[in-house]
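Inspection log for the structure reproduced underneath, given as structure tokens.
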Amino acid sequence: MATFNVVLGGAAGQGVNTTEEMLTKVLKQSGFHIFATKEYMSRVRGGINTTTIRISSEPLRSYSETIDILVPFTSGVINWCRERISESTVILGEENFRDEAGDDITFIPVNAEKMAKELGNKLFINTILSGLLCSLFKADKKILTKLVQTKFEDKGENLSQENSDAALEGYKEGEKICKEYNLAFDVDQDASVGETIVLNGAEAVSLGTLNGGCNFVSFYPMSPATTVAVDLVNMAEEMEIIVEQFEDEIAAVNASIGAWFGGGRGFVTTSGGGFALMCEGMSLAGMAEIPLVIHLAQRPGPATGLPTRTAQGDLNLALYAGHGDFPRILFAPSNISEAYSLTTQSFDLADKYQIPVIILTDEYLVDTYYNVDRPNVSEKINHHIVEMDKKYKRYVLSESGISPRGVPGYGDGILIANGNEHDEYGDTTEEAGLTVAMQDKRMKKLDILKKETLQPRFCGNENYDVLLISWGSTFDTVKNIVERYNHKKLAMLHFSQIYPLADISAYLKRAETVIAVEQNMTGQFAELIQKELCFKIDKRILKYDGRQISEEFLEKELSEKGVL
Amino acid sequence: MAKQAKLFDSKRPKSKDISWCPGCGNFGIRNELMDVLEEMQYTPKDIAVISGIGQAGKIPHYLNANGFHTLHGRSLPIATATKAVNPSLEVIAVGGDGDMFAEGGNHLLHAIKRNPNITVIVHNNQVYGLTKGQGSPTSMTGMKTTTQPWGVYDEPMNSIAMLISQGCSFVARAFVGHKDETKEIIKNAILHKGFSYVEIFQPCVTFNKINTYMWYKNNTYFLHEHDVTDKEQAMIKAFEKDPYPLGIFYINKEKPCFDNHLPPYKTNNTPLYKRQPNFDKIREKLNYRSF
């Protein structure tokens with residue numbers, strides 16, 4: 001499988017995104033599998049942001065830091081990427097970046113700026129570079145020109161044609177460079193790419209909510225969770241859903257509670273700091289048995305931390321959020337397809353069990369995109385509600401712990417929901433017996449949830465000595481390494497459901513060495529395993545610099561631990 | 001004379017033991033609310049009373065109507081959303097001065113701005129009752145409380161002025177002792193389309209020895225010949241004290257209402273709990289991402 005990594009780096013506002021968009025679209029339409037992930041600074045202008053675009057003949061899901069082609073848009077990019085540059089890296093840049101590259105690196109000058117000026121507009125530079133990069137992979141020229149024309153359609157016929165010409169000039173320049181420097185980036189096309197669609201994690205979550213019947217979205221802007229709200233608000237009119245930006249996260253979560261209480265299907269999207277403010281609302285949902293679906297896109301904390309970077313540090317926050325005891329579900333989608341399907345499923349589970357469901361993603365997953373198979377669309381939503389008669393009691397002490405949930409106005413009865421401890425009607429009580437009975441009733445639901453817990457995915461050597469334990473967005477990267485080093489008796493168990501936790505004791509006991517792989521400082525998931533399964537995982541590979549675990553990082557860590 | 005059963009009087013077991021202190025102003029507000037709703041020909045299933053925490057917040061337990069006894073200060077976002085997803089409900093948010101002005105202050109400010117079609121009733125007794133006698137945002141200067149033993153040093157919050165200044169679309173104040181007038185104000189608030197704010201003066205017989213029934217009676221008067229559409233006049237009246245004006249201060253029927261801008265109801269009034277998503281549209285959305 002031939003795979004190449006192209007990295008575009010520039011200041012915010014320099015057009016890196018435009019080039020990325022044109023390049024990935026042309027490549028995908030030409031029949032290549034694509035993958036793109038970005039790392040960016042918390043600023044609107046300036047700084048250095050980079051995008052890693054991976055191109056392959058087969059589906060790509062894992063993150064690799066290797067750079068085959070680096071295209072700096074500004075000075076400083078080469079130094080910013082220094083650790084990712086190797087002997088095989090080719091830098092394509094303006095002549096004035098040569099000094100920064102140094103002598104040991106293949107530097108190929110590209111006069112895109114000059115070409116753009118000659119073509120009459122400095123802004124053509126992004127189109128030229130897109131064309132140039134497309135030519136390296138022998139992408140379809142016709143697709144390139146058509147796409148560029150469509151992109152600049154609304155800027156007028158002239159500009160649209162000029163951009164298209166600029167793209168072709170870039171394409172020619174690329175061909176020239178390949179010939180002159182004897183470069184070849186041969187990737188086979190795959191006809192099945194045409195059937196796939198391209199989604200980023202945020203879009204997968206957004207579409208998953210719609211497929212789950214969500215009709216009320218409440219949020220307060222916070223990176224990296226805002227993208228989901230923006231996606232949803234742009235579909236609100238057409239999908240006939242309510243999307244409202246509230247005054248703070250406290251209001252956002254309570255509004256969602258109010259929406260579910262009133263018979264809607266609420267959804268909240270936030271990040272760690274915002275979720276911290278929602279703990280009180282979590283607790284209310286727990287006591288009043290109101291469903292709740294919260295998307296928590298993680299970024300490094302504490303406090304403001306690194307607003308635009310990635311982490312898996314909010315597991316404990318999500319697990320313990322809210323005072324008192326009550327059941328909950330924690331999902332951590334492993335990839336984009338699961339970000340869609342688990343989000344959809346969250347609505348049904350929240351509704352059915354009348355509990356909070358938290359979907360833990362992270363900046364990496366939200367911002368990463370690649371081509372995936374078209375996800376399934378549901379046929380029907382099951383509203384787990386009942387028509388109330390005059391004898392209706394909201395909190396009936398039932399065998400299963402689930403008390404049929406009514407909605408105000410549905411039927412002739414009424415319902416009382418309550419954040420205080422209550423009797424079966426929902427009226428406040430302080431009776432000791434009833435207090436215990438109600439708490440037990442609510443917690444009984446956890447027994448059913450445990451039976452329905454998603455089992456972790458096992459990959460690698462069946463006769464493993466070393467077992468890696470991972471969760472969330474690192475799945476495909478860890479899987480790649482485990483498969484590559486299958487002969488080293490390496491295997492993995494990967495979790496998309498964090499809580500309730502599946503019992504994996506048998507797997508753990510069979511291993512000589514168990515290593516937790518996580519993107520937080522302390523190994524929060526390993527601690528949860530110890531608490532739930534009484535198994536201590538001593539060895540841990542932890543990354544907490546705000547950057548996603550890459551294949552290279554994992555290889556290095558495993559080598560240092562003597563596994564590889 | 002035997003008392004006639006009221007439609008909104010709860011027969012549930014716990015409703016019999018009302019935990020307010022004898023003589024509490026909350027009894028009067030509850031009665032006035034029950035009467036208004038019945039007179040307006042609502043049935044219990046039409047109403048949702050969403051309360052915060054405090055003595056006032058207990059009211060859903062003493063009413064035969066849908067209710068949600070929520071968290072301290074959080075009733076307004078909950079009520080806003082409940083109304084948004086279930087528009088045929090008449091949603092009434094209830095809380096005390098601590099609930100609405102202290103813990104829930106930010107939500108109150110933004111509810112004014114958002115202008116959802118709900119009614120809020122604030123039981124203002126100028127002291128914290130349930131937590132036993134601490135000063136509230138509306139406690140009077142000099143009042144000695146359990147947590148301000150030397151007397152409250154600052155000035156009470158002027159909620160009426162705050163609400164009018166922010167353009168709240170219906171602003172009124174009542175005193176629980178005036179039964180008929182209070183009922184009339186509540187009725188108008190419910191009928192108003194938009195965020196209707198009704199502050200009701202009520203004594204706390206246990207912890208507030210200053211603002212008693214007699215004090216409120218002697219220190220209030222009803223607005224007369226007041227133009228409720230005149231914001232400037234309303235603002236002047238809002239700053240009047242000793243005596244404090246009662247009645248409707250301000251109505252703005254032009255203010256954009258949150259509920260009028262909700263996409264689900266542009267072509268269809270079915271409540272959301274009876275709807276299915278448009279799966280074909282979701283398929284279209286997915287197709288669009290074919291890049």
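The values are calculated or read from the model by the stated rules, or taken from the named source; none is laboratory data. None of the values given here were measured: they were computed from a predicted structure. When we count neighbours, we look across all protein chains shown, and the Cβ atoms used for this are built from the backbone with ideal geometry, even at glycine.
For A:Leu319, state whether it is surrounded by fewer than 22 Cβ atoms within 10 Å (Cβ to Cβ) and either in contact with a helix residue (DSSP H, G or I) (Cβ under 7 Å, 6 or more places away or on another chain) or outside the structural domain of A:Lys445 (by TED's automatic domain parsing) (or both).
yes
Could you please give the count of residues in region A:314-352 that are in a loop (DSSP other than H, G, I, E, B) and among the small types (Gly, Ala, Ser)?
Qualifying residue count, region A:314-352: 5.
Here's the yes/no breakdown for (1) more than 15 Å from B:Ala161 (Cα to Cα); (2) out of contact with any helix residue (DSSP H, G or I) (no Cβ under 7 Å at 6 or more places or on another chain):
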{"site": "B:Lys179", "(1), (2)": "yes, no"}
{"site": "B:Lys183", "(1), (2)": "yes, no"}
{"site": "B:Tyr197", "(1), (2)": "no, no"}
{"site": "B:Lys231", "(1), (2)": "no, no"}
{"site": "B:Glu240", "(1), (2)": "no, yes"}
{"site": "B:Arg275", "(1), (2)": "yes, yes"}
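So which residues in region A:242-276 are among the hydrophobic types (A, V, I, L, M, F, W, C), part of a helix (DSSP H, G or I) and buried (at least 24 other Cβ atoms within 10 Å of the Cβ)?
A:Ile250, A:Ala251, A:Ala252, A:Val253, A:Ala255, A:Ile257, A:Ala259, A:Trp260, A:Phe261, A:Phe275
Just one of B:Lys237, B:Lys285 is surrounded by 17 or more Cβ atoms within 10 Å (Cβ to Cβ) and within 14 Å of chain A (Cβ to nearest Cβ); which is it?
Result of the check over B:Lys237, B:Lys285: B:Lys285.
With the condition kept exactly as written, say whether any residue in region B:251-266 is crowded, with 19+ Cβ neighbours inside 10 Å, at the interface with chain A (Cβ under 7 Å from one of its Cβ atoms) and β-branched (Val, Ile, Thr).
No, that holds for no residue.
Among the residues of region A:256-266, is there at least one that is closer than 15 Å to A:Pro221 by Cβ and more than 8 Å from chain B (Cβ to nearest Cβ)?
No.
B:Gly54 - would you say it is in contact (Cβ under 8 Å) with a residue 24 or more places away in the chain, more than 25 Å from A:Ile257 (Cα to Cα) and of a type in the set (Gly, Ala, Ser)?
no
Suppose we filter region B:176-209 for residues that are assigned to a strand (DSSP E or B) and more than 14 Å from the chain's Cα centre (by Cα); how many remain?
0
Sort out which residues of region A:395-427 are facing chain B (nearest Cβ under 10 Å), part of a loop (DSSP other than H, G, I, E, B) and more than 34 Å from the chain's Cα centre (by Cα), and write them in order of number.
Listed by number, the residues that qualify are A:Asp412, A:Gly413, A:Ile414, A:Leu415, A:Asn420, A:Asp423, A:Glu424, A:Tyr425, A:Gly426, A:Asp427.
Could you look through region A:25-78, keep only residues that are among the β-branched types (Val, Ile, Thr) and assigned to a loop (DSSP other than H, G, I, E, B), and pick out the one that is surrounded by the fewest Cβ atoms within 10 Å (Cβ to Cβ)?
Among those that are among the β-branched types (Val, Ile, Thr) and assigned to a loop (DSSP other than H, G, I, E, B), it is A:Val44.
Would you tally the residues in region A:25-59 being within 14 Å of another protein chain (Cβ to nearest Cβ) and among the acidic types (Asp, Glu)?
Going through region A:25-59 one residue at a time, the tally reaches 0.
Among all residue pairs at least 6 apart or on different chains, which show Cβ distances below 6 Å where the first residue, located in region A:277-302, is part of a loop (DSSP other than H, G, I, E, B) and the second is among the β-branched types (Val, Ile, Thr)?
Pairs found: A:Met278/A:Val253; A:Ile290/A:Ile257.
Before we move on, is A:Ala311 in contact with a Pro (Cβ under 7 Å, 6 or more places away or on another chain), away from chain B (no Cβ under 12 Å) and not in a helix (DSSP H, G or I)?
Against the criterion (in contact with a Pro (Cβ under 7 Å, 6 or more places away or on another chain), away from chain B (no Cβ under 12 Å) and not in a helix (DSSP H, G or I)), A:Ala311 qualifies.
For region B:88-111, which residues satisfy the criterion of being more than 9 Å from chain A (Cβ to nearest Cβ) and surrounded by fewer than 24 Cβ atoms within 10 Å (Cβ to Cβ)?
Correct list: B:Glu90, B:Phe101, B:Ala102, B:Glu103, B:Gly105.
Do you know which of the residues in region B:31-54 that are part of a loop (DSSP other than H, G, I, E, B) and crowded, with 24+ Cβ neighbours inside 10 Å is nearest to the other protein chains (Cβ to nearest Cβ)?
Among residues in region B:31-54 that are part of a loop (DSSP other than H, G, I, E, B) and crowded, with 24+ Cβ neighbours inside 10 Å, the one nearest to the other protein chains (Cβ to nearest Cβ) is B:Ile53.
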